[in-house]
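Structure, as structure tokens:
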Amino acid sequence: MRLRRLVAALACAAAPTLVSSNAAYAQTTPERIVALSPFTANTLAALGVTPIGIGQTLGGHDRLDPSLRGVTALPLSHPNGPNLEQLAALNPQLVFSTPTWKRGAAAMRGLGMTVVESEPRTVAGVVDQTRRIGGLVGRPAEARELTSRIEKEIAAARRGIRTHPSVLLIVGVGRTPYAALANSWGGDVIRQAGGRLLTRGLHASGGLARISNETVVDRDPDIIIAVPHGSAADIPKLAKYLRTNPAWRTTKAARDKRIYVSTDDSLLQAWPDPGRVIATVRRSFLKN
């Protein structure tokens, strides 16, 4: 048992962002697939594959592909992800997970499931991982067509950028602010949209660095984009607090009434339509 745990731990530690746990898996095409993130769920739908289960999303299922309505939704909880009994009841051959739920991956593999981690941290990563997902589910031609469309949409969304305002993208975990860095999904989206992130000197392997309200004031951004993070019931109250935070009132963003709040999760986690997300950021927030 100890050796099994050690082997599983080493496999997780050595795993790249997208990894299959079963070498023989590449020779077969799975029919029973669970997708725990909105990125993988929507990507599968775009490739013409309907999973048997999907993970519940933080902001609800409004942005999920219509073909996923009626698919079993699995509640997710830190640090393991889905309830193992609920997941096992679906009897999946393949589970598309994310690094967030890595601690639960060993138990899934112990039940004979192949686990693949797929969660882009950059806009470019969407293209790369879409191609890989297409290969894993036997839809490489469809994936090539999809990535070609994604690349064209990204290029169109970035065309004609005129200004590059300074931006702090702040994730509010409760009332604690975290700055989204360039190595986060939201941070990369802001850069692709033409924003200049005011995060020099901040570091965090996960892409979110805890900061103080004083740091926000000292960096004095042109624009603050705040993303509340918490239970669905708390989001409206957190959004109001972030929009009117008195600690930020002396910033240029507050003086110019350019503190915005985003509540649809598009800046918290990857989606398979980054061109749309970039275009929305430019139109609604950066206005560039």
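We did not get these values from a lab; they are worked out from the coordinates using the rules stated. Quick caveat: nothing in here was measured; it's all calculated off a predicted structure. Cβ sites come from the backbone with ideal geometry, for glycine too, and all protein chains shown count toward neighbours.
Here the extension length gained between ARG159 and ASN183 equals 6.4 nm, from 0.36 nm per residue of separation less the Cα-Cα distance. A compact globular protein would have a Cα radius of gyration near 2.2 N^0.38 Å; the ratio found for the chain is 1.04.
The string of couplings for the stretch 46-57 from the Karplus curve (6.51, -1.76, 1.60, θ = phi - 60°) is 5, 8, x, 10, 9, x, 8, x, 9, x, 5, 9 Hz, one whole number per residue in order, with x for Gly and Pro. Computed from phi, the 3J(HN,Hα) profile of the stretch 208-220 under the Karplus parametrisation 6.51, -1.76, 1.60 (θ = phi - 60°) reads 10, 10, 5, 9, 9, 4, 5, 5, 4, 5, 4, 7, 6 Hz, with x in place of Gly and Pro. Extending 7 Å from the Cα toward the beta-carbon at both GLN86 and SER231 defines two label points whose distance is 1.5 nm.
Report the net charge of residues surrounding ALA179, where surrounding means a beta-carbon distance below 11 angstrom and charges are Lys +1, Arg +1, Asp -1, Glu -1. Result for the local shell: +3.
For GLY55, the residues whose amide H sits under 5 Å from its own are ALA35, LEU36, SER37, LEU74, ignoring neighbours fewer than 5 places away on the same chain, with H placed 1.01 Å from N. Placing dummy labels 7 Å off each Cα toward the beta-carbon, the span from ARG69 to ILE52 is 2.4 nm. Summary of packing: across the peptides 146-154, 200-208, 113-121, 28-36, the per-residue average of other C-beta atoms within 10 Å ranks them, highest first, as 113-121, 28-36, 146-154, 200-208. Where only DSSP H runs of four or more residues are counted, the chain gives -11000 deg cm²/dmol as its mean residue ellipticity at 222 nm, each run worth -39500 (n - 2.57). The HN-Hα couplings worked out from phi for the stretch 70-79 by the Karplus form 6.51 cos²θ - 1.76 cosθ + 1.60 (θ = phi - 60°) are x, 6, 4, 9, 9, x, 10, 9, 6, x Hz, whole numbers, x standing for Gly and Pro.
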